[in-house]
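Data first, discussion second: the structure below is written as structure tokens.
Coordinate-derived values only; no laboratory data. Given the structure is predicted, the values throughout are model-derived calculations rather than measurements. Positions of Cβ are generated from backbone atoms using ideal geometry, with glycine treated the same way; all protein chains shown enter the neighbour counts.
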Protein chains: 2
Amino acid sequence: MKRFSFNQATAKGWPLPELAAGCAEEGVTGVGLWREDVQEYGVHAAAALMRDSGLAVTSLCRSGFFQQPGWLEENKRAIDEAAILGAPVLVLVSGGLPPGSRDIDAARAHVGAAIGRLVPYALANGVQLAIEALHPMFCSDRCVVSTLKQALDLAAPYPPEAVGVVVDTYHLWWDDDVWAQIARAGRERRIACFQAADWVTPLPAGVLLGRGLPGTGCVELRRFREAVDAAGYAGPVEVEVFNEELWARPGREILAETIGRYRTHVA
Amino acid sequence: MKRFSFNQATAKGWPLPELAAGCAEEGVTGVGLWREDVQEYGVHAAAALMRDSGLAVTSLCRSGFFQQPGWLEENKRAIDEAAILGAPVLVLVSGGLPPGSRDIDAARAHVGAAIGRLVPYALANGVQLAIEALHPMFCSDRCVVSTLKQALDLAAPYPPEAVGVVVDTYHLWWDDDVWAQIARAGRERRIACFQAADWVTPLPAGVLLGRGLPGTGCVELRRFREAVDAAGYAGPVEVEVFNEELWARPGREILAETIGRYRTHVA
């Protein structure tokens, strides 16, 4: 349980103080937080609440979306928030194609340039940017970074303390190159965050909210955990599941089941 | 128009004789057919109908599904059907994980072995097997072959006249490695079939029936067509779109729009 981190999105809607109390009672020591929930509660208040509950913020989700106007200021704000929360890692989701565009090469090049613009600010604030590859089914509308290799190539020009990558089982499990890329990520000291969720079909409309708790799908979750370990990663293991049916249940019940499934299928 | 081929699935439900007449009237010379429709009409009758309508069967969709019991006999039947139809190419979709399995490496290895079992029969019947990589969102339940690279690696042990690959824009557009793999496919003389469809979001539930006609989505379709041409491919360009809204329209209307969009966005 020392490495387990409960990502807030797994129990979306659970008020932050209840989540903090629930985690403390279960012996959880880490949480992954989401910007919109933290903002609603107040960033400084959230930081105090976590501190008082003995919870480390293992990552802040998420910024990026470099195709949107005002992305630079928005990402700097996100870095500020991560610093206030003491989150060592800010997860970046690149955004998809600009409206009406088919130029995926240009969109990807822009992501690389945009990350470069953020590096000095991230370093100055002691926050590591973590590039997350999303499943290729999100390529057009959410994230033009589709593989761990792409994420690592984007990170390569910058020091690892400034730019790392997220290894998320839900997005990467289908890729036969992922094991080699995890090993490379370890060698290059880029694994900033490890997130676990399971792949379940049929996918729902819009495909965003169809993830499964560990053990409900077909992903070799323990193999992934062992692979990041073998690559030298010793950080938190976040379970992050977006699932509408799950969200309908009480937060404490979700947390308890998540812990149980983490133990059985990931740890 | 010489290269255009109308894949039957684009106007699902259009009776075969009407499709043949419609294609002949529009000056279409090639069609891609589907096994279930051909079987329903009668394989020999369908072959005669196509011949009498001046239509070449550019590909037969589809066989594969190597995780199902009886796959060997079923695939031999499919090769027989392709030979009867005079279709030079039989499209293979590998199938997903066996029920309850998480062993994706084993599933992929089995696909390679299964294709090897089919090679002599394919060669004897003059039918080229074409391995189709499906989009990674189909990896668990339809096709463990997710990239053109994987398809080419699976084909590599066998002569190109026995085993080629399908280049389908819908499944491959997100992959930044696809241009290099198309060039490789050309060098290795593996491009057996080129299929065009556009990527449209949001995806519908189950994600199968959300493809778009050329120009309705974000795929650089002409870039793909030029890439396969540059790789030495001079064969048919099939437009293959599964879309429930489209299917609700009359077959002739679908065909006319498909031809128009092919000219504007692909040719």
Percent relative contact order of segment A:104-244, based on C-alpha pairs within less than 8 angstrom and at least six residues apart? 20
Hits among lysines - C-alpha to C-alpha of residue B:149 under 28 Å, sequence gap 8 or more where chains match: A:149, B:76
Placing each pseudo-label 7 Å from Cα in the direction of the beta carbon, residue A:51 and residue B:205 end up separated by a distance in nanometres of 4.7
Every other copy gets compared here: list the nm distances from the residue B:45 label point (7 Å along Cα to Cβ) to its counterparts, shortest first, one decimal. 7.3
Suppose you put the label 7 Å out from Cα in the Cβ direction; list, shortest first and in nm with one decimal, how far residue A:245 is from each other copy's label. 2.8
Quick one: B:73, A:257, B:238, fewest Cβ neighbours within 10 Å first, how do they rank? B:73, A:257, B:238
Projected label distance in nm at residue A:26 and residue A:161, using a 7 Å step from Cα toward the beta-carbon: 3.4
Across the residues of A:217-229, average count of Cβ atoms on other protein chains within 10 Å? 2
Summarise the partner chain shielding of B:145-154 as one whole number: the mean count of Cβ atoms from other chains within 10 Å of each residue's Cβ. 2
For chain B, set up a Gaussian network in which alpha carbons nearer than 10 Å are linked by springs, and say which option among B:227, B:197, B:162 fluctuates the most. B:227
Take the alpha carbon atoms of segment B:211-244, find their center, do the same for segment B:59-118, and report the distance between the two centers in whole angstrom. 24
For a paramagnetic label modelled at 7 Å from the Cα of residue A:229 toward its Cβ, which residues of segment A:25-63 fall within the zone defined by backbone nitrogen distances under 20 Å? A:28-30
Would you mind checking which residues have amide H under 5 Å from residue B:56's amide H? H placed 1.01 Å from N; only 5 or more apart, or other chain. B:30, B:31
Whole-Hz ³J(HN,Hα) from phi, Karplus 6.51 cos²θ - 1.76 cosθ + 1.60, for segment B:65-71, glycine and proline x: 6, 6, 8, 8, x, x, 4
Can you put B:179, A:174 in order of Cβ neighbours within 10 angstrom, beginning with the fewest? B:179, A:174
Most mobile of B:215, B:100, B:206 in a GNM of chain B (Cα contacts under 10 Å): B:100
Could you give the size of the charge dipole of segment A:150-235 about its Cα centre, using +1 on the Cβ of each K and R and -1 on the Cβ of each D and E, expressed in debye and rounded to the nearest 20? 160
Please give the average number of partner chain Cβ atoms lying within 10 Å of the Cβ of each residue in B:129-138, rounded to a whole number. 3
Measuring from a point 7 Å out along Cα→Cβ, what nm distances, shortest first, does residue A:80 have to its partners in the other copies? 7.3
Given a Förster distance of 35 angstrom, what is the FRET efficiency for residue B:222 paired with residue A:72, based on the Cβ-Cβ distance and rounded to 0.05? 0.55
Give the Cα extents of the protein assembly as shown along the principal axes, in whole Å, largest first. 81, 45, 41
Protection-proxy order for peptides A:140-152, B:244-256, A:6-18, each taking the mean of Cβ atoms within 10 Å per residue, highest first: A:140-152, A:6-18, B:244-256
Note: probe point = Cα of residue A:244 + 7 Å toward Cβ; backbone nitrogen < 20 Å; residues of segment A:180-213 passing the test are A:198-213
